[in-house]
Amino acid sequence: MAKNVIIATKNRGKAKEFELMFKPYGYEVQTLLDLPHIEDVEETGVTFEENAVLKAETVAKELDCLVISDDSGLSIDALDGRPGVYSARYAGEAKSDEANMEKVLSELEGVDEANRTARFHCVLAIAGPGRKTETVNGTCEGVILEEKRGSNGFGYDPIFFVPSLGKAMAELTPEEKRGISHRGHALDQLRERLSDFV
Ligand SMILES: O=c1[nH]c(=O)c2ncn([C@@H]3O[C@H](COP(=O)(O)OP(=O)(O)OP(=O)(O)O)[C@@H](O)[C@H]3O)c2[nH]1
Ligand SMILES: [Mg+2]
């Protein structure tokens, strides 16, 4: 029988990645897209960790069961770490990936390749009744392209070049992205920490 894991996210791109990542361990993933009565948690934290804990604890309390959350984003060196924790809403409340990428590309106009370094961050939090909330994190280093490339993934993937693979993140297969991504690395940490769970 398949085991269940609940991920406190409303982001379809993340949901798809978690489905792929948990499948090998025999888990079926449920997200907040499957539980529409759970309201969006306001992300009032100033770090990925604070927001991840906030999302996991709020939803775990509401559902009274074990919940994993993901808070993630892109940090660009030439922009002093922006968009950072504001990645989803960088160009406004509409959370448009296209508008977010256009904003980043225009802010980086005239910046040469050597100064376009960036990294994705992902913090996963796991919370539940009677347990201490735990967090793990993962990063992925890259360079911001001048134009979009590829159509896989979500968010800023088309403008994020992965030097170790010579491709944009959006040109990777889902399996390739799992192998090198911030989210994949964070899940590996979680598995190491909680070998009884995943
Ligand atoms: O190109 C990308 N590839 C990725 O792998 C990735 N991971 C995160 N991001 C960006 O960071 C925001 C997260 O913000 P976030 O953690 O608050 O999530 P969210 O608001 O989209 O959904 P939820 O999980 O909070 O419901 C996202 O929307 C994206 O813009 C990514 N971009
Ligand atoms: Mg969010």
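Points worth noting:
- Cα long-axis angle, helix 48-63 against the chain (0 to 90 degrees, to the nearest 10): 30 degrees
- The stretch 3-193 - convex hull of the alpha-carbon atoms, volume per residue in Å³: 114 Å³
- Relative to the longest principal axis of the Cα atoms of the chain, the long axis of helix 97-107 makes an angle of roughly 40 degrees.
- Heavy-atom accessible area per residue - the chain, 1.4 Å, Å²: 51 Å²
- For the stretch 79-90, backbone phi angles converted through the Karplus equation (6.51, -1.76, 1.60; θ = phi - 60°) give residue-by-residue couplings of 10, 6, x, 5, x, x, 5, 9, 3, 5, 10, 4 Hz, Gly and Pro being listed as x.
- Remark: relative contact order (the stretch 9-125) = 24 percent; criterion is Cα-Cα distance under 8 angstrom and separation of 6 or more residues.
- Sequentially through the stretch 37-46, phi angles give Karplus couplings (6.51, -1.76, 1.60; θ = phi - 60°) of 6, 7, 7, 4, 8, 5, 8, 8, x, 10 Hz, Gly and Pro residues having no value and appearing as x.
- With every protein chain in place, the chain: carbon and sulfur % of accessible area (1.4 Å): 48 percent
- Fully extended contour minus Cα-Cα distance, from Glu134 to Asn115, at 0.36 nm per residue: 3.4 nm
- Scanning residues 5 or more positions from Ala168 or on other chains, those with amide H under 5 Å from its amide H are Val162, with H placed 1.01 Å from N in the peptide plane.
- Rounded to the nearest 10 degrees, the inclination of helix 182-193 to the longest alpha-carbon principal axis of the chain is 30 degrees.
The values are calculated or read from the model by the stated rules, or taken from the named source; none is laboratory data. Everything numeric in this text was worked out from a predicted model, so none of it was measured. Side chains are part of the model used for accessible areas, which takes the heavy atoms of the whole protein and leaves out ligands, DNA and RNA. Shrake-Rupley method; radii C 1.70, N 1.55, O 1.52, S 1.80 Å.
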